[in-house]
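Colleague: I'd like to ask some things about the structure below.
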Amino acid sequence: MRDKFLLHGVGELLELTPEYAKVTLVPVEDRLTEPSESGSRIANPRQPSSMNEQPLSFVVAPQQNEENFQCLLACLLEFNVRWARNAPVLLLSIARLTFASNGAINRHALHDVGQAMAHLTLQANASRLAVCQMAGFDIQRARETYSIPEDHEPVTVAAIGYPGDPSTLSERLRQKQLTPQKRNRLEDFVFEGKWKQPAKAVSEHK
Ligand SMILES: Cc1cc2nc3c(=O)[nH]c(=O)nc-3n(C[C@H](O)[C@H](O)[C@H](O)COP(=O)(O)O)c2cc1C
């Protein structure tokens with residue numbers, strides 16, 4: 001059952017990704033995510049991690065709870081506040097940078113949190129929600145607001161909601177939203193045999 005759901009989700013995702021990637025910056029409509037099964041599935045992403053350490057924590061701020069929402073919104077930099085204030089949910093991700101068992105540096109903590117966020121995004125997209133991750137926030141302010149311990153690192157704030165109408169955006173944001181992103185060519189980063197030598201499968205696929 002679970003596999004079926006995952007496959008179904010990924011299948012849908014392949015169709016939805018281009019559209020959703022484009023709309024992640026638009027103000028979401030005022031349809032709140034229901035605190036239902038799908039909400040908890042999204043907040044509980046598949047979380048493979050080095051040594052099963054699971055270094056991820058979230059602070060969730062639904063718009064429904066005005067006080068909590070404003071606290072996290074106030075951590076964002078101004079250029080993100082402008083659109084993210086319309087999101088139904090903000091989510092701060094935090095990585096524990098040391099192993100719980102022995103305090104040694106966990107050098108894969110940020111990798112594992114990024115991976116969990118990618119899974120969360122896929123799961124959300126499969127539920128027709130958009131996710132926009134933001135590095136543009138005041139890390140120190142987040143640290144102080146939530147009393148985040150020294151060996152933990154605030155990583156990103158994500159805005160989650162239903163895609164909105166791009167025409168409601170300012171001209172600058174609309175242009176940014178509607179302009180397709182340029183991606184690196186596969187041969188520039190997929191190598192085989194030695195560094196910088198494009199992988200055979202990639203060059204044959206051109
Ligand atoms: C780690 C990370 C940090 C980002 N920070 C911001 C940000 O602060 N503000 C913003 O508008 N977009 C930011 N983005 C980009 C948006 O999340 C972007 O719309 C989303 O990744 C979809 O991207 P695409 O259009 O490149 O596919 C960030 C993306 C990532 C992965």
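Colleague: Among PRO149, VAL190, LEU91, flag the residue with its Cα farthest along the positive direction of the charge dipole of the stretch 82-206, charges on Cβ as +1 for Lys/Arg and -1 for Asp/Glu.
Modeller: Looking along the dipole axis, the top candidate is VAL190.
Colleague: Continuing with the same structure: Could I have the simple spin-label model distance between ARG128 and SER147, label points 7 Å from Cα toward Cβ, reported in nm to one decimal?
Modeller: With each label point 7 Å from Cα toward Cβ, the separation is 4.2 nm.
Colleague: Counting pairwise Cα distances across the stretch 65-169, what percent come out greater than 24 angstrom?
Modeller: For the stretch 65-169, the fraction of Cα-Cα distances above 24 Å is 28 percent.
Colleague: Counting other beta carbons within 10 Å of each Cβ, put GLU78, GLU192 in order, fewest first.
Modeller: Ascending Cβ contact count within 10 Å gives the list GLU78, GLU192.
Throughout, read-outs are computed from the coordinates displayed, never taken from laboratory work. Keep in mind that what you see is a predicted model, and the values were worked out from it rather than measured. Note that we place each Cβ from the backbone using ideal geometry, even for glycine, and neighbour counts take in every protein chain shown.
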